[in-house]
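The values are calculated or read from the model by the stated rules, or taken from the named source; none is laboratory data. Here the structure is a predicted model, which means the values were calculated and not measured. Glycine gets a Cβ as well: all are built from the backbone with ideal geometry, and neighbour counts include every protein chain shown.
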Amino acid sequence: MSRGDMAKPLLGHGSTEGDPGVTPASGRTIGVLGSGDFARSLAIRLVCSGFKVVVGSRNPKRKASLFPSAAEVTFQAEAVKKTDIIFVAVFREHYSTLCDLADVLAGKILVDVSNNTEINHHKESNAEYLASLFPACTVVKGFNVVSAWTLQSGARDGNKQVLICSNNQEAKRTVAEIAQVMGFTPVDMGCMSSACEIENIPLRLLPAWKIPIFLALGLFLCFFTYNLIRQVIHPFIREQKNKLYKIPIEVVNTTLPCVSYVMLSLVYLPGVLAACSQLYYGTKYRRFPDWLDQWLQHRKQIGLLSFFCAALHAVYSLCLPMRRSHRYLLIETAVKQAVEKKMNIWVEEEVWRMEIYISVGIIALGLLSLLAITSLPSIANSLNWREFSFIQSSLGFIALVVSTLHTLTYGWSRAFDENQYKFYLPPTYTLTLLVPCTVIIAKVIFSLPCIRHRLLRIRRGWEKGRYVKFVLPSATGEYSSGETSSNV
Ligand code: NAP
C-alpha cells in the first residue's frame, strides 16, 4: 500500500450518522504505544479507516518514517496525552517500563493486544497483568487474534473476527465500534476472566483437526499394513518374489483411496446414527452421547481430509505409467505376447470396466472438490442455508454413491476370484465397502415415506408421547385452550 493510499479512508466513516445515541467511532484520535510490526500495521489500518492516529515511541525520530504521514509519531508521554484510547502494542515483558506513564494514562482505555509464546504461560493473563500495573485505567483485551499481516492486507483477506473482553461494558463497546469501523467483526467474550482463553487462541495448533487427523492416520496405517501383506509380503513368502519396490507408490496408492472413501462415509455415518437415535427416542431434544456430538462437530475436517486423500490418489494414479517398473513390466508382457504370437489382446470387458472406473473416479473427485470449496467459510457465507445443505448433504451423498461405483468398478469380479484371497484375506476394496454401503442403505431406508415423514416431524419439534398445549378459536371467535397428545 502506497503512503498516498494510506491516508485515504478505506471503509468510510462508520454508519452512525443519524443515530443520536452513538458517537461516531472514526474521526477519533487513537493512540498506539510501540512502533513494531503490529503497531505499524495497526496505525496503517486505523488511518485507512478514518481515525487520527498518534504513535508513542521511545525513539520517535527514528521510527516516524515507518508510519504513514497521516499518523503522528511522538514520544510515549506526548502521545498518551492526546487520546483516551491507547493500543498497547508492546510485549508483556516491557509493560513495567511503561509505569512512568501511569499518571497520564489514568482514566483512559488501554487495549491489550499481546500474545504469549506458550499456552497458559503465566498465572494471570497479560491483560490482567496490565490492569494490575495500571489500576486507574480500564483495560480491554482485543485484536490479539489478528496478525499484523491481516491488519495490513485488510480484514477481507484474513480472519475477520476480533475477540474482545473487559470488565467495563462501555470501554468494550468503544473498542468494538473501532473494530467494526476497521472492517472486523467484534465478538464479545465477556469479562476480563476470558482474557486467558483469548490469549491462548492464536497458540492452539489445529485444535479441531486433531481427532480427524488421528482418524485418518489410523485408517492409513491399517489399510497400508493390510495392502503390504497382500501386495509385498504374500508374493515374497509364497513365490520368493521381491516386490518391495511397490511400497512407495503402488501400496500407498491403493491405501489412499481406501482412506478417502471410508473417511467420506464417516462424514455421513454420524448423521445416520443421530437419525436412528431421534427415531428410537421419538424426540430431537434428547442430547446425543458426547462421542457422537464430537463426531458431528468434526465432519467438516473429516470431509476435507477425505478430499485430500482423494486428490493425492488422483496424482499418484496419473504418475503410475511414469515408473520404470511399469515400463519394464509393459515391455515384458509385450515380448511374452510376441513370443506366444498373440495378436489380439483386446478384452472388451476390461476396456469397459476401465473406462467406467476412471470416469466415475473423476466425477467423484469433482464432487469432493465442490464439497471442499463450499466448506471454506468465505464461500459458505455467500450461500444461503438451502444452497449449503443441498451441496453438503445431497451432493455429498451423491459423491459417496459415485465413489462406491468407482470402488465397485475397480473391484469388478475380484471378490469372487479365489486367487485374490491372499492368506485368506479378502481384497481390500471389499473391506472399504462395509461402512459406505451401510450408510447408503440407511439413507435409502430413511428416505422411505413412512420413516422420512416421522423423522421430519421429530426435527420440527414433535415428540413421542408428549402432550402439547393447543389453542383453538371457538365459534364465537374467542380462544379456548386444552391439551392433546401429539401422537394422535
Ligand atoms: P515488535 O515488532 O518487537 O515491537 C515491539 C515494540 O515495543 C517496539 O517496536 C518498541 O517500540 C516497543 N517497546 C516499548 N517498550 C519497550 C522496551 N522496553 N523494550 C523493547 N521494546 C519496547 O513486536 P510486535 O510484533 O509489533 O508485537 C507487539 C505486540 O503485539 C506484542 O505484545 C505481540 O504479542 C502483539 N501481537 C503481535 C502480532 C503480530 O503479528 N506481530 C499479532 C498479534 C499480537 P519503540 O522502540 O518505538 O518504543
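Conditions tested, residue by residue: (1) surrounded by 16 or more Cβ atoms within 10 Å (Cβ to Cβ); (2) modelled with pLDDT of 95 or more; (3) in a strand (DSSP E or B); (4) charged (D, E, K, R).
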{"position": "Ala77", "(1), (2), (3), (4)": "no, yes, no, no"}
{"position": "Val80", "(1), (2), (3), (4)": "yes, yes, no, no"}
{"position": "His122", "(1), (2), (3), (4)": "no, no, no, no"}
{"position": "Ser132", "(1), (2), (3), (4)": "no, yes, no, no"}
{"position": "Pro135", "(1), (2), (3), (4)": "no, yes, no, no"}
* To do: Residues being more than 16 Å from Ile358 (Cβ to Cβ) and surrounded by 14 or more Cβ atoms within 10 Å (Cβ to Cβ): count how many of those fall in the range 399-420.
  => 6
* **Failed criterion for Lys141 (all others in (1) closer than 17 Å to Ile198 by Cβ; (2) near the ligand (Cβ under 10 Å from one of its atoms); (3) under 28 Å from the mean Cα position of the chain (by Cα) hold)** => (2)
* Structure fact -> If we keep only residues of the range 99-120 that are among the polar types (S, T, N, Q) and within 13 Å of the ligand (Cβ to nearest atom), then the residue surrounded by the fewest Cβ atoms within 10 Å (Cβ to Cβ) is Thr117
* Please go through the range 55-67 and pick out each residue that is polar (S, T, N, Q) and either crowded, with 23+ Cβ neighbours inside 10 Å or outside any loop (DSSP other than H, G, I, E, B) (or both). => Ser57, Ser65
* Asked: Going by the conditions given, is Lys81 out of contact with any Phe, Trp or Tyr (no Cβ under 9 Å at 6 or more places or on another chain) and away from the ligand (no atom under 11 Å from the Cβ)?
  -> yes
* Meets criteria (of a type in the set (Lys, Arg) and out of contact with any helix residue (DSSP H, G or I) (no Cβ under 6 Å at 6 or more places or on another chain)) for Arg299 -> no
* Structure fact -> If we ask which residues in the range 81-111 are of a type in the set (A, V, I, L, M, F, W, C) and either touching a Gly at 6+ places or on another chain (Cβ under 6 Å) or within 16 Å of Val47 (Cα to Cα) (or both), their number turns out to be 6
* To do: Would you confirm whether any residue within the range 183-201 is touching a helix residue (DSSP H, G or I) at 6+ places or on another chain (Cβ under 8 Å), among the aliphatic types (A, V, I, L, M) and at pLDDT below 95?
  => no
* **Residues satisfying the stated conditions in the range 89-120, i.e. assigned to a helix (DSSP H, G or I) and basic (Lys, Arg)** => Arg92
* From the residues in the range 35-54 that are near the ligand (Cβ under 8 Å from one of its atoms) and not in a helix (DSSP H, G or I), which one is farthest from Lys82 (Cα to Cα)? -> Gly36
* **Segments classed as helices (runs of 4 or more DSSP H), wholly inside the range 180-277, with at least 2 members that are within 22 Å of the chain's Cα centre (by Cα)** => 195-200, 210-228
* Asked: Failed condition for Lys341, given (1) loosely packed, with under 11 Cβ neighbours inside 10 Å; (2) of a type outside the set (A, V, I, L, M, F, W, C); (3) touching a helix residue (DSSP H, G or I) at 6+ places or on another chain (Cβ under 8 Å), with all others met?
  -> (3)
* Structure fact -> Note: among Leu151, Leu163, just one is under 28 Å from the mean Cα position of the chain (by Cα) and modelled with pLDDT under 95, namely Leu151
* Structure fact -> Scanning the range 25-54 for residues that are surrounded by fewer than 21 Cβ atoms within 10 Å (Cβ to Cβ) and under 30 Å from the mean Cα position of the chain (by Cα) gives Asp37, Ser41
* Return yes when Phe91 is near the ligand (Cβ under 8 Å from one of its atoms) and surrounded by fewer than 18 Cβ atoms within 10 Å (Cβ to Cβ) and no when it is not. => yes
